[in-house]
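Computed from the coordinates by the stated procedures, all read-outs in this text should not be read as laboratory data. Small disclaimer: the values here were computed from a predicted structure and weren't measured. Reconstructed Cβ throughout: ideal geometry from the backbone, glycine too, with neighbour counts over all protein chains shown.
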């Protein structure tokens, strides 16, 4: 239906109080208050709308007129008769709004102190605070023992010492060993057959020694014989 002016506010948690008229006897003035059989405790008398025999009763915390509330009880200033009817609404309680829907709560709805801005954040103590830049950028030390592997390098190169704590890429320039062939540097020749009892002989300076049978009169205990056996 339409309203002239503002529509009634659809807020609050209004509840019908359980009927207590069955306990009226013209003597009792104090009765327990319940809603759906659960006890209620209004903070003040004005939170109850009470009607006896269709007549609204005055809420009076002094108890002189109408009724007052004490804890979870209603106390009438005079005892209702046994034929009296009762009707009451418990109004003005806190409303449980549940979980807000997505995108319905902004910074203006928060109770946080401080100023919300692009340079502040909300701390755990519900306070807007400015982000403090206390040097969060890591700078790697460059002293000896802390340096990185240098850039560059290529296949076959290796790292070599350059200075204290510094290595550089270098080429391997002497990886193939070539044995000299001059006098005094020749190898012991390989045997072509059985060398048992033979001697290593040479025909002269610079010649390649060979294995030969020891001639008659030459002891094979000699390891090397310089000169010809003939």
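Restricting the calculation to Cα atoms, every distinct pair contributes to the Kirkwood radius of segment 13-93, found to be 12.4 Å. I'd like the FRET efficiency for residue 144 and residue 208, computed as 1/(1 + (r/R0)^6) with the beta carbon distance as r and R0 of 41 Å, rounded to 0.05. With a Förster radius of 41 Å, E is 0.15. Spin-label pair residue 168-residue 91: with each label point 7 Å from Cα along the Cα-Cβ axis, the two points sit 9.3 nm from one another. Model label points for residue 158 and residue 30, set 7 angstrom from Cα along the Cα-to-Cβ axis, are 10.2 nm apart. Pair-distance distribution P(r) for segment 110-179, from all Cα-Cα distances in 10 Å bins starting at 0: 15, 22, 15, 11, 14, 13, 6, 3, 1 percent. In terms of surrounding Cβ atoms within a 10 Å radius of their Cβ, 20, 131, 40, 137 rank from fewest to most as 137, 131, 20, 40.
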